[in-house]
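A short worksheet on the structure shown next.
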Amino acid sequence: MPVAITGFDYRRVPVADGVSLNAAVAGSGTPIVLLHGFPQTHLMWRHVAADLAADHTVICPDLRGYGASDKPAVTGAGTYAKRTMAADVVRLARALGHERFALAGHDRGALVAFRAGLDHPGAITHLACLDVLPTLDMWEVMHGVGAAVGFHLFLMAQPPGLPEQLIAGNAEAFFGHFLDIWTRDRGAIPADVRAAYLDACRGAVPSIVADYRASAGVDVEHDRADLEAGNRLRMPVTVLQQDWGAVLGFDAAALWGAWAPDLRHATVTCGHFMAEEAPAEVARALRELLTR
């Protein structure tokens, strides 16, 4: 049996021409959408989603190009732009009856959430981003030997062909590497969930690379245009991060504060996969955000 979030109903929801998202849905009350990161699927939210579903409508999709959602072939720079993926999420929520909703994302999902907050401020009531910097800032702090921690960003930024071939040559080793080195509590990702992540990634190498490649091109262009135009996140924003700034020499709270006037920023002591390693802490932070 496929691994699923217990107590959640699963739906396939069309969000664009030829693209449907797989989404787990449960609960009732004010809606919150939870977006997963790399190299994961919606399953990463299983603990937090169950907690929040006690008094909220919780929607956990697989992003375009990931998990059981559709993986369209690249037809241009916009296919996996965060602008496109953010529009998917807004259309998903609307199809499920929610014109306005809170949005939380981790890692790649946080970049989609960030873009949704900028592009669709009328739809996003509250925003949480877990363990990322905005794309433009991320590239600007990645320098020197410290940037080796982000080698995958540079690999998947290369033109189509070589990255896909290298990763597909041993996808389990590549994706498993990040599940191992970014986790402080190995028990937080049990064997069946890990296997589900790896299986999903093996079947999505071209679209995952396309997602990352977009973040070295069109996503940077969109962020820079917003920064220059003075476009900022208008809703309450919570950011939870590991203390990457101490390693790479930047002030994460200051970087986020330039984008989010109503910001609460906190560092965590767990690993990157905080929704699995510290789900109670993450759920508390999201509940606090929703009261603002």
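Among (1) open to solvent by less than 10 Å² (accessible area, probe 1.4 Å); (2) under 11 Å from the mean Cα position of the chain (by Cα), there is one condition Ser69 misses while meeting the rest; what is its number?
Unmet for Ser69, out of (1) open to solvent by less than 10 Å² (accessible area, probe 1.4 Å); (2) under 11 Å from the mean Cα position of the chain (by Cα): (2).
Testing Gly105 on (1) open to solvent by 10 Å² or more (accessible area, probe 1.4 Å); (2) under 12 Å from the mean Cα position of the chain (by Cα), one condition comes back false. Which one is that?
The failed condition is (1).
Residues of region 43-58 being open to solvent by 10 Å² or more (accessible area, probe 1.4 Å) and either within 10 Å of the chain's Cα centre (by Cα) or not β-branched (Val, Ile, Thr) (or both), which ones?
Arg46, His47, Ala50, Asp51, Ala53, Ala54, Asp55, His56
Select, from Arg83, Arg91, the only residue that is part of a helix (DSSP H, G or I) and either over 29 Å from Leu136 (Cα atoms) or out of contact with any helix residue (DSSP H, G or I) (no Cβ under 8 Å at 6 or more places or on another chain) (or both).
Of Arg83, Arg91, the one residue that is part of a helix (DSSP H, G or I) and either over 29 Å from Leu136 (Cα atoms) or out of contact with any helix residue (DSSP H, G or I) (no Cβ under 8 Å at 6 or more places or on another chain) (or both) is Arg91.
Restricting the first residue to region 50-65 and requiring it to be under 18 Å from Tyr10 (Cβ atoms), which pairs with a second residue that is among the charged types (D, E, K, R) and open to solvent by 20 Å² or more (accessible area, probe 1.4 Å) meet a Cβ separation below 8 Å and a spacing of at least six or different chains?
Leu52/Arg287; Arg64/Asp70; Arg64/Lys71
Taking Gly109 as the residue in question, decide whether it is over 24 Å from Arg292 (Cβ atoms) and either without any contact (Cβ under 8 Å) to a residue 60 or more places away in the chain or not hydrophobic (A, V, I, L, M, F, W, C) (or both).
No; evaluated as a whole, the condition is false for this residue.
Taking Ala113, is it of a type in the set (Gly, Ala, Ser), within 16 Å of Cys60 (Cβ to Cβ) and in contact with a Ser or Thr (Cβ under 6 Å, 6 or more places away or on another chain)?
When the stated conditions are applied, Ala113 does not pass them.
When you scan region 234-253, do you find a residue that is at pLDDT 95 or above, open to solvent by less than 10 Å² (accessible area, probe 1.4 Å), under 30 Å from Ala102 (Cα atoms) and touching a Gly at 6+ places or on another chain (Cβ under 6 Å), even just one?
Checked region 234-253: no residue is at pLDDT 95 or above, open to solvent by less than 10 Å² (accessible area, probe 1.4 Å), under 30 Å from Ala102 (Cα atoms) and touching a Gly at 6+ places or on another chain (Cβ under 6 Å).
Looking at (1) of a type in the set (Ser, Thr, Tyr); (2) closer than 22 Å to Ala73 by Cβ; (3) touching a strand residue (DSSP E or B) at 6+ places or on another chain (Cβ under 6 Å), which is the only condition Thr41 fails?
Of (1) of a type in the set (Ser, Thr, Tyr); (2) closer than 22 Å to Ala73 by Cβ; (3) touching a strand residue (DSSP E or B) at 6+ places or on another chain (Cβ under 6 Å), only one is false for Thr41: (3).
Which one of these does Thr183 not meet: (1) over 25 Å from Met274 (Cα atoms); (2) assigned to a loop (DSSP other than H, G, I, E, B)?
(1)
Just name the residue that is nearest to Leu130 (Cα to Cα) out of those in region 264-284 that are open to solvent by 20 Å² or more (accessible area, probe 1.4 Å) and small (Gly, Ala, Ser).
Ala266
Can you spot a residue in region 211-223 that is among the β-branched types (Val, Ile, Thr) and closer than 22 Å to His42 by Cβ?
No, region 211-223 contains no residue that is among the β-branched types (Val, Ile, Thr) and closer than 22 Å to His42 by Cβ.
The values are calculated or read from the model by the stated rules, or taken from the named source; none is laboratory data. What you see is a predicted model, and the numbers here were worked out from it, not measured in a lab. Because the Cβ atoms are built from the backbone with ideal geometry, glycine has one as well, and the counts that use them run over all protein chains shown. Just so you know, the surface numbers come from the protein's heavy atoms only, side chains and all, with ligands and any DNA or RNA stripped out. Shrake-Rupley method; radii C 1.70, N 1.55, O 1.52, S 1.80 Å.
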